[in-house]
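The values are calculated or read from the model by the stated rules, or taken from the named source; none is laboratory data. Note that the structure is predicted; figures quoted are calculated from it, not measured. Methodologically, a virtual Cβ is constructed for each residue, glycine included, from the backbone with ideal geometry; neighbour enumeration extends over all protein chains shown. In case anyone asks, the SASA skips ligands and DNA or RNA and just uses the protein heavy atoms, side chains included. Shrake-Rupley method; radii C 1.70, N 1.55, O 1.52, S 1.80 Å.
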Amino acid sequence: MEKKFKLGVVGAGFMASAIINGALNSGFLTPEQVIVSDLQTDKLYKLKERGLHITTDNSEILNNSEYVLFAVKPQSFANAVEGVNKENDYKIISIMAGTKKSKINSVFPNARIARCMPNTPCSVGSGAVGADVSEFCDKDAAFVKGLFSAFAEVVFVPEDKINVVTGISGSSPAYFYLFIKGLVDAGVKRGLTYEDARNLAVNTMIGSGKMIFENEGKTLDELISAVCSKGGTTIEAIKVYAEAGLSEISENAVAACVKRAEELENL
């Protein structure tokens, strides 16, 4: 039986709003196709102003939506599904961090589940998402990709690689902010204003990312070498990073992030 809504969203927080806005702004979905629930009605009324259907009853979401996106905190999942029908063959999309599909299946035994890990840059239309859609047919997998592709690069991975996605893209915006902060602080220490140092560092990072995509035939090592003239300024900075073990630091940071993600899964 055809469902009333294409997408039902449980939770109207930061990431859920980013996903909804991206899907609507791109035209992938229309407001009439989406229903959202949340306990905080002020969030819902903002979405209602865009023409979305709203509710505080999660049973209404599950019973009337072709796809159900769970965008609540993992510790809120049990409360979110209290009193709903657990036996239907739902198609669930989960962005709950540290929550395995097996845990969701222990609640919804007949559901098919796509587990996804978006990052915060999704909110500005330039994010990255790792998604395990192995339980979905081609049509349903295409829906997941279309939903996120409006504002992010989507990479399909098996579930046992989702924690690696967390380490590489889910958490890495904080790594980049930390690196930029170091450059900005160094610029201010040497006489630049905070605003000038920030603009120079941020725009250079944005441009460097674009250069990587626009030079697909070149490796990252080749791009690094292209900036490093022999006997010039850049090579001296690169030597400092190499001597400090920047690559090893990055490896250790990702390893620590992945380890913690695995611990959270097993809580």
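The single condition among (1) touching a helix residue (DSSP H, G or I) at 6+ places or on another chain (Cβ under 8 Å); (2) in contact (Cβ under 8 Å) with a residue 24 or more places away in the chain; (3) open to solvent by 30 Å² or more (accessible area, probe 1.4 Å) that residue 161 does not meet is (1).
Among the conditions (1) open to solvent by less than 40 Å² (accessible area, probe 1.4 Å); (2) not in a strand (DSSP E or B), the only one that residue 78 does not satisfy is (1).
The residues listed here are 138, 132; of these, the one that is surrounded by 17 or more Cβ atoms within 10 Å (Cβ to Cβ), farther than 13 Å from residue 18 by Cα and of a type in the set (Asp, Glu) is 132. Within segment 164-211, the set of residues being of a type in the set (Gly, Ala, Ser) and surrounded by 15 or more Cβ atoms within 10 Å (Cβ to Cβ) comprises 167, 169, 170, 171, 172, 187, 197, 201. Look at segment 171-196: where a residue is more than 27 Å from residue 130 (Cβ to Cβ) and a partner is charged (D, E, K, R), sitting 6+ places away or on another chain with Cβ atoms under 6 Å, you get 184/198. Are any residues in segment 1-56 of a type in the set (Ser, Thr, Tyr), more than 17 Å from residue 67 (Cβ to Cβ) and part of a loop (DSSP other than H, G, I, E, B), and if so, which ones? Once the filter is applied, which keeps residues that are of a type in the set (Ser, Thr, Tyr), more than 17 Å from residue 67 (Cβ to Cβ) and part of a loop (DSSP other than H, G, I, E, B), segment 1-56 yields only 56.
If you take the residues in segment 81-121 that are of a type in the set (D, E, K, R), in contact with a strand residue (DSSP E or B) (Cβ under 8 Å, 6 or more places away or on another chain) and assigned to a loop (DSSP other than H, G, I, E, B), which one is farthest from residue 175 (Cα to Cα)? Selected residue: 89. Would you please name the residue that is most open to solvent (accessible area, probe 1.4 Å), looking only at residues in segment 1-35 that are farther than 12 Å from residue 147 by Cβ and among the basic types (Lys, Arg)? Per the stated criteria, the residue is 4.
Please enumerate the residues belonging to segment 172-212 that are among the hydroxyl-bearing types (Ser, Thr, Tyr) and in a helix (DSSP H, G or I). Residues satisfying the conditions are 172, 175, 177, 194, 204, 208.
So that you can scan it fast, the table gives a plain yes or no per residue for (1) open to solvent by 50 Å² or more (accessible area, probe 1.4 Å); (2) more than 30 Å from residue 164 (Cβ to Cβ):
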residue	(1), (2)
37	no, yes
45	yes, yes
48	yes, yes
67	no, no
70	no, no
86	yes, yes
99	no, no
111	no, no
119	no, no
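Among the helices (runs of 4 or more DSSP H) confined to segment 213-267, there are none with at least 3 residues that are at pLDDT below 95, in contact with a Phe, Trp or Tyr (Cβ under 9 Å, 6 or more places away or on another chain) and loosely packed, with under 10 Cβ neighbours inside 10 Å.
Can you tell me which residue in segment 131-148 is farthest from residue 101 (Cα to Cα), limited to those that are in contact (Cβ under 8 Å) with a residue 12 or more places away in the chain and assigned to a helix (DSSP H, G or I)? My answer is 146. Annotation: residue 124 fulfils all but one of (1) aliphatic (A, V, I, L, M); (2) modelled with pLDDT of 95 or more; (3) out of contact with any strand residue (DSSP E or B) (no Cβ under 8 Å at 6 or more places or on another chain); the unmet one is (2). What about residue 203, is it closer than 21 Å to residue 119 by Cβ, more than 19 Å from the chain's Cα centre (by Cα) and of a type in the set (S, T, N, Q)? Spelling it out, residue 203 is indeed closer than 21 Å to residue 119 by Cβ, more than 19 Å from the chain's Cα centre (by Cα) and of a type in the set (S, T, N, Q).
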